[in-house]
1. Give the separation of the Cα centroids, region 135-196 to region 204-230, in Å.
2. How many Å² of accessible area per residue for region 113-250, probe 1.4 Å?
3. Bins of 10 Å, beginning at zero and ending with the bin holding the largest distance: percent of Cα pairs per bin for region 1-141, please.
4. Over region 1-133, what relative contact order in percent results from Cα pairs under 8 Å that are six or more residues apart?
5. Assuming a ≥ b ≥ c are the square roots of the Cα gyration tensor eigenvalues, decide whether region 108-250 counts as rounded (a/c under 1.5), prolate (otherwise, with a/b larger than b/c) or oblate.
6. Show me 227-238, 171-182 ranked by packing, highest mean number of other Cβ atoms within 10 Å first.
7. When you count, for each residue, the other Cβ atoms within 10 Å and take the mean per peptide, how do 50-62, 136-148, 78-90 rank with the highest first?
8. Rounded to the nearest 20 Debye, what is the dipole magnitude of region 1-130 about its Cα centre when Lys and Arg each give +1 and Asp and Glu each give -1 at the C-beta?
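The values are calculated or read from the model by the stated rules, or taken from the named source; none is laboratory data. No experiment lies behind these values; they were computed from the predicted model shown. Note that each Cβ is placed from the backbone with ideal geometry, even for glycine, and that neighbours are counted across all protein chains shown. The protein model used for the area step is the full one, side chains on, heavy atoms only, and it has no ligands, DNA or RNA in it. Shrake-Rupley method; radii C 1.70, N 1.55, O 1.52, S 1.80 Å.
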Amino acid sequence: MSLLDGQRSVLFVHAHPDDETISTGALIAEFVALGSRVFLLTCSRGERGEVVDGPLTALAGTEELARERDQELERATGILGITERFWLGEPPARVDGLARRRYRDSGMVWIRPGQAGPADDAAADALSVAPLAEVTDDVAALIVRLRPSLVVSYDDGGGYGHPDHVRAHYAARAASAATGTAFAEVLEAPADGGEWFDLPQHLTVVTDALRAHASQLTVYGTEIVHSGGQREAIGTSAGLRLWPVSASSA
């Protein structure tokens, strides 16, 4: 039986606005088409993201960028058909009795082309600096509230190494284990133990959702150009690999 089939509801856990569309937009659209309720948990507002050249350039490094990215995420999730979205650290994605908190974008540096690593100036309240147990407990609080049949997040390398992606993986994986919920990591290429999906029928939906993230990327035909100038084909293929329910964080 495919991981796409029979899922009552699916919770995607992503680090920043636009990650949900770039890496899993086609998967989200397919789950929606198959009748699953899809929820999105975004861990930070992407405050440290670069901004594409144009009318939004002045937002870089300002609090206005977080508000803009919130609005972009709202538009993108509507296009993808996501049932409801949440911010990590805000109820119900926060442990009962604790004051709400904001997990900030940790930033990153490029180690080599295609491979990121931690920045040396992450703020004290950044996602990658926050105690893993606290992040995990907040993710678990939302899982208990929603009771999804499947949780989906990055692989243990965070896709390309961004420290916030890596933290999201370990927190989502540990929270899934603690609540007895199935957890699957996203694969960027076919791999042993994984299931691969080619979903070209969702190209139009994914492209429209990508256009919503106008501060971070520009769509040119079937490609996107990131704020840093990197070109990337719009992805409509991805894989999922299921972890044993008993697996816990490293």
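1. Comparing the Cα centres of region 135-196 and region 204-230, I get a distance of 25 Å.
2. 43
3. 11, 36, 36, 16, 1
4. 22
5. Oblate is the answer for region 108-250, as a/c is 1.5 or above yet b/c matches or exceeds a/b.
6. Ranked from most to least packed, the peptides come out as 171-182, 227-238.
7. Packing proxy ranking, top to bottom: 136-148, 78-90, 50-62.
8. 400
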